[in-house]
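What follows is one structure encoded as structure tokens, with my remarks underneath.
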Amino acid sequence: MKPVTVAATLTAIALLAPTTLAFAQPAATAPGTQPPQATSVAAGRCGVCHPAERVQFETSRHAQEDVHCVSCHGGNDKSLDQAVAHGAGFIGRPKHGDIPKLCASCHADEAKMRPYNLPVDQYALYQTSGHGRRLAKGDPRVAVCSDCHGAHDILPPSDPASRVFSVNIPKTCGRCHGDSTLMVRERHRPDAYREYLASVHAHELFDRGNPRAPTCVSCHGVHGAAPPGAGDIDKVCGQCHTAERRYFTAGPHKQGMVAAGLPECVSCHSHHNIRIAEPQRLSVLCSTCHGEHSPQETLGGKMWTEYRQASAQLDQAAALITKADAVPIQTDDYRARLEEARTYLREALPAAHAVSEPTVAALTSRARSVGAEVASEIYGKLGHLQARKVALVVLWFYLLLTVLVLRRFQKQAARKD
Amino acid sequence: MSEVPRSGWVAWLEQRINLTEIFSFLTHFGFVYTPIDTTRPLSEVTRELARQPIPTYARWPRVLGLFAAILFALEVVTGVLLAYYYRPTVDAAFDSTRTIVRDLPLGWFIHQLHAWGAWLLVLVVVVRLLRLFWDGLYRAPRELLWWCAVAMAWLVLQSDFTGKLLTWDSRAYWAAVRGMEVVFALPVVGPVMAFLLGGRVINDDVLIRFYVLHAMVLPVGFAAFLYLTFASLRRVGLGTETLAPATKVTSFREHLYGMWIMTTVMFGLLASLAVVLPFRFGSAADPYSTPSGVRPPWYMLAPYAVIEGGPGPRWVLGLFLLAVAFAVLLLPLWAPRFAPDRLDRRSRIAGIAAFALWIALSVAGALMEGR
């Protein structure tokens with residue numbers, strides 16, 4: 001059928017059944033809340049026999065565009081006669097392994113995707129992914145497009161109901177990668193999904209509602225999903241943790257780990273189960289590789305001591321600022337300087353990735369000196385308050401003098417009258 | 001004029017204005033307990049006044065009204081100085097207060113004097129009320145004195161309540177919220193107060209009304225009742241008959257020196273409190289976050305305890321509070337029937353019982369903060 005004819009037919013159907021247009025707005029009507037119509041713009045007459053699929057399809061992004069049942073399944077959606085409908089060019093249910101190619105017939109076509117400003121490299125990327133490479137080897141038990149995006153109810157990634165909306169991605173990947181029986185059988189890491197759920201990244205994503213927190217695809221890639229290898233891990237983590245990576249690559253660990261085939265960031269922070277990096281771990285973590293009483297353990301302990309002392313100094317300065325505010329004393333300048341010192345201290349943690357004490361000490365000692373300056377200046381100003389007490393003593397001296405003089409006058413008055 | 005004034009600036013003025021009249025007007029607010037003849041020259045009047053005999057009865061603690069007048073004057077002077085810099089809007093109230101106490105020379109001292117002076121004034125008017133009750137000075141012909149004392153105590157407490165909110169300090173704000181819960185729970189009075197104060201939610205409208213009440217309406221009312229107190233006192237005389245043995249007489253001059261000494265010591269006390277025990281400066285009020293340990297001002301703890309913890313619906317409790325307030329106000333009408341003699345032990349025991357109940361309720365109110 002030529003596109004012009006399709007458009008004309010669609011217009012005719014639309015005019016005949018204007019109520020069905022409501023279904024063209026998937027957000028406006030939840031699926032299943034209205035009785036299924038016999039025909040619709042998107043599903044043609046397929047919905048007469050396949051109402052469940054039709055309802056699903058009409059909520060999808062495709063239903064709003066020039067995509068119909070026949071676009072993927074072939075056949076004829078104008079006929080109610082099964083022999084005609086399932087006749088010429090009918091595909092039926094596409095084979096699992098054929099799905100990427102089927103989707104790519106449109107999504108890899110620049111001419112078709114240009115109006116939507118959509119990329120066309122998903123298929124090419126997919127072929128480089130772990131999933132795609134296994135599919136190419138003839139293993140059909142891998143994830144294809146529909147496993148992540150859905151079949152009939154495909155929604156754009158910006159839709160919170162979509163399987164590929166950022167918050168939903170861990171669950172989507174977890175459908176297979178959280179199934180430990182399946183993963184063991186496929187010789188995959190069985191706990192990746194559960195470990196991720198316990199991580200600081202998942203806490204940020206689910207508990208704190210930060211939609212920019214990293215999900216599976218942030219590190220593994222989207223359509224070209226594959227585990228990053230040793231030597232690449234610092235690049236992956238460094239996408240977000242730029243300062244940590246800068247110090248890490250400048251330090252000795254980068255070369256040493258790559259040479260030894262150790263995964264860089266993962267060796268200390270683990271992979272999926274990444275916990276909050278507590279500074280005190282500097283004092284204990286080094287010995288796990290370098291052994292107890294090693295010079296490296298001593299170095300880690302030194303870095304932690306530097307950090308702790310600077311942090312304590314800043315806490316003291318902050319407590320003094322609170323005290324000064326209660327007087328009150330002007331503290332805006334101290335607050336600004338304390339914030340500056342905190343910036344140095346914050347920088348000291350990424351700097352610890354260079355595993356060099358002078359690098360860390362340069363930052364912590366700056367933080368400490370600013371904190372100490374603020375503290376001593378506030379002590380000075382609080383000391384000025386002592387002047388008030390001295391003035392009070394002087395005042396009392398004059399008041400008592402006045403009282404004595406008045407008392408004398410009073411006695412004189414008593415004698416006179 | 002009975003005598004030709006001598007030369008000098010007093011004489012120059014005396015020819016153009018009746019200084020005695022002005023002096024008489026000023027002394028109507030305190031100090032002088034006898035009428036003044038405004039037809040005579042000032043020097044003559046004051047000389048005579050100084051020699052006037054006065055019973056030694058007029059000493060601490062029977063001059064609390066005078067202390068109230070002196071403290072009121074201190075509050076007016078420091079309050080005017082504070083008003084030069086204070087801005088009564090939700091956005092500027094806290095910042096302008098901080099400017100006063102932090103950046104202005106001696107601003108902290110003025111502010112602390114105003115705060116401690118208010119504290120002392122509240123204490124003075126409440127103690128004065130208790131002492132008038134103790135000595136039975138609400139009976140005829142001193143009913144007016146009692147009513148004025150009740151009104152002055154009420155006005156001072158209102159001034160304290162409205163003044164605390166003006167700093168827009170977090171604790172003051174929430175204390176005001178708690179206090180207003182009590183006021184709004186009263187039947188009839190509550191809705192009228194809510195209307196007069198601009199609503200039940202503390203916002204800009206309420207703040208500016210508090211400011212106007214604190215800086216204009218309440219002080220003028222206080223001055224008026226102070227005037228009435230001394231006017232009545234000149235007519236009915238000091239309550240000397242309470243203390244029969246204290247018949248020793250001294251001169252007004254000596255009395256005045258004594259008052260001066262007490263005022264000096266009181267100023268020293270206030271200055272010491274301002275330096276040694278300054279009111280701490282808190283953080284700006286945030287209507288969306290309640291700090292812990294919020295309770296109404298201490299003088300509202302007892303009614304707060306009744307409203308929040310008493311049995312029965314709120315309006316019944318409110319009615320009870322109103323009844324108590326009227327019972328105190330109308331004491332001169334019903335108490336003489338209950339205890340005919342002026343220094344009757346029965347009335348004193350009843351008063352002690354009522355005071356103990358008030359203290360107990362206040363403690364209960366203070367312990368209720370967690371609610």
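The values are calculated or read from the model by the stated rules, or taken from the named source; none is laboratory data. These numbers were taken from a predicted model, which means no experiment stands behind them. Cβ: placed from backbone, ideal geometry, glycine included. Neighbour counts: every protein chain shown. Each accessible area value is taken on the protein alone, full model and side chains, heavy atoms only, with ligands, DNA and RNA left out. Shrake-Rupley method; radii C 1.70, N 1.55, O 1.52, S 1.80 Å.
Residue check, A:ALA260 against (1) crowded, with 20+ Cβ neighbours inside 10 Å; (2) free of Cβ contacts under 8 Å to residues at least 12 places away in the same chain, all met but one. Which one?
The one condition A:ALA260 does not meet is (1).
Here is a yes/no grid of residues against (1) over 26 Å from the mean Cα position of the chain (by Cα); (2) of a type outside the set (Val, Ile, Thr); (3) modelled with pLDDT of 95 or more:
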position	(1), (2), (3)
A:ALA88	yes, yes, no
A:ILE91	yes, no, no
A:PRO94	yes, yes, no
A:ASP98	yes, yes, no
A:LYS112	yes, yes, no
A:TYR116	yes, yes, no
A:GLY130	no, yes, no
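With the structure loaded, tell me whether A:VAL120 is in a loop (DSSP other than H, G, I, E, B) and in contact with a Lys or Arg (Cβ under 7 Å, 6 or more places away or on another chain) or whether it fails that test.
Against the criterion (in a loop (DSSP other than H, G, I, E, B) and in contact with a Lys or Arg (Cβ under 7 Å, 6 or more places away or on another chain)), A:VAL120 does not qualify.
Enumerate the pairs (first residue in the range B:167-195 and within 22 Å of B:ARG87 (Cβ to Cβ) and of a type in the set (D, E, K, R); second residue anywhere and open to solvent by 10 Å² or more (accessible area, probe 1.4 Å) and modelled with pLDDT under 90) with beta-carbon separation below 6 Å, excluding pairs fewer than 6 apart on the same chain, so at least 6 apart or on different chains.
Here the result reads B:ASP169/B:GLY282; B:ARG171/B:GLY282, each pair linking the range B:167-195 to a residue that is open to solvent by 10 Å² or more (accessible area, probe 1.4 Å) and modelled with pLDDT under 90.
Give the residue, chosen from A:SER267, A:SER283, that is within 23 Å of A:SER311 (Cα to Cα) and either open to solvent by less than 70 Å² (accessible area, probe 1.4 Å) or not in a helix (DSSP H, G or I) (or both).
Of the residues listed, the single one that is within 23 Å of A:SER311 (Cα to Cα) and either open to solvent by less than 70 Å² (accessible area, probe 1.4 Å) or not in a helix (DSSP H, G or I) (or both) is A:SER283.
Taking B:VAL63 as the residue in question, decide whether it is buried (at least 16 other Cβ atoms within 10 Å of the Cβ), more than 30 Å from B:ILE208 (Cβ to Cβ) and either away from every other protein chain (no Cβ under 14 Å) or touching a Phe, Trp or Tyr at 6+ places or on another chain (Cβ under 7 Å) (or both).
Yes.
Only one of (1) on the phi < 0 side of the Ramachandran plot; (2) out of contact with any His (no Cβ under 7 Å at 6 or more places or on another chain); (3) open to solvent by less than 40 Å² (accessible area, probe 1.4 Å); (4) part of a loop (DSSP other than H, G, I, E, B) is not met by A:LYS254, so which one is it?
(4)
Can you pull out the residues in the range B:66-80 that are touching a residue at least 12 places away in the same chain (Cβ under 8 Å) and either open to solvent by less than 10 Å² (accessible area, probe 1.4 Å) or of a type outside the set (Gly, Ala, Ser) (or both)?
Those that are touching a residue at least 12 places away in the same chain (Cβ under 8 Å) and either open to solvent by less than 10 Å² (accessible area, probe 1.4 Å) or of a type outside the set (Gly, Ala, Ser) (or both): B:LEU66, B:PHE67, B:ALA68, B:ILE70, B:LEU71, B:PHE72, B:LEU74, B:GLU75, B:VAL76, B:THR78.
If you take the residues of the range B:81-94 that are touching a residue at least 40 places away in the same chain (Cβ under 8 Å) and open to solvent by 10 Å² or more (accessible area, probe 1.4 Å), which of them is nearest to the other protein chains (Cβ to nearest Cβ)?
So the residue we want is B:PHE94.
Would you mind finding the one in B:VAL276, B:VAL217 that is within 14 Å of another protein chain (Cβ to nearest Cβ) and either among the hydrophobic types (A, V, I, L, M, F, W, C) or within 23 Å of B:VAL80 (Cβ to Cβ) (or both)?
B:VAL276
Residue-by-condition table, conditions (1) more than 14 Å from every other protein chain (Cβ to nearest Cβ); (2) open to solvent by less than 30 Å² (accessible area, probe 1.4 Å); (3) at negative phi:
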| position | (1), (2), (3) |
| --- | --- |
| A:MET303 | yes, yes, yes |
| A:GLN316 | yes, no, yes |
| A:ALA324 | no, yes, yes |
| A:GLU340 | yes, no, yes |
| A:GLU347 | yes, no, yes |
| A:LEU392 | no, yes, yes |
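Go through the residues of the range B:135-155 one by one and say whether even a single one is within 22 Å of B:LEU270 (Cα to Cα), touching a residue at least 12 places away in the same chain (Cβ under 8 Å), in a helix (DSSP H, G or I) and open to solvent by 10 Å² or more (accessible area, probe 1.4 Å).
There is at least one residue in the range B:135-155 that is within 22 Å of B:LEU270 (Cα to Cα), touching a residue at least 12 places away in the same chain (Cβ under 8 Å), in a helix (DSSP H, G or I) and open to solvent by 10 Å² or more (accessible area, probe 1.4 Å).
What number of residues within the range B:156-211 satisfy the criterion of being of a type in the set (S, T, N, Q), open to solvent by 20 Å² or more (accessible area, probe 1.4 Å) and assigned to a helix (DSSP H, G or I)?
Residues in the range B:156-211 being of a type in the set (S, T, N, Q), open to solvent by 20 Å² or more (accessible area, probe 1.4 Å) and assigned to a helix (DSSP H, G or I): 2 in total.
Tell me, which helices (runs of 4 or more DSSP H) wholly within the range B:229-332 include 1 or more residues that are open to solvent by 50 Å² or more (accessible area, probe 1.4 Å) and modelled with pLDDT under 90?
Here the list reads B:252-276, B:314-329.
In the range A:44-67, how many residues are without any contact (Cβ under 8 Å) to a residue 60 or more places away in the chain and open to solvent by less than 30 Å² (accessible area, probe 1.4 Å)?
Summing the residues that are without any contact (Cβ under 8 Å) to a residue 60 or more places away in the chain and open to solvent by less than 30 Å² (accessible area, probe 1.4 Å) in the range A:44-67 gives 5.
When the residues of the range A:190-224 are narrowed to those that are under 19 Å from A:HIS177 (Cβ atoms) and among the acidic types (Asp, Glu), which ends up surrounded by the most Cβ atoms within 10 Å (Cβ to Cβ)?
Step by step, filter the range A:190-224, then rank; the result is A:GLU195.
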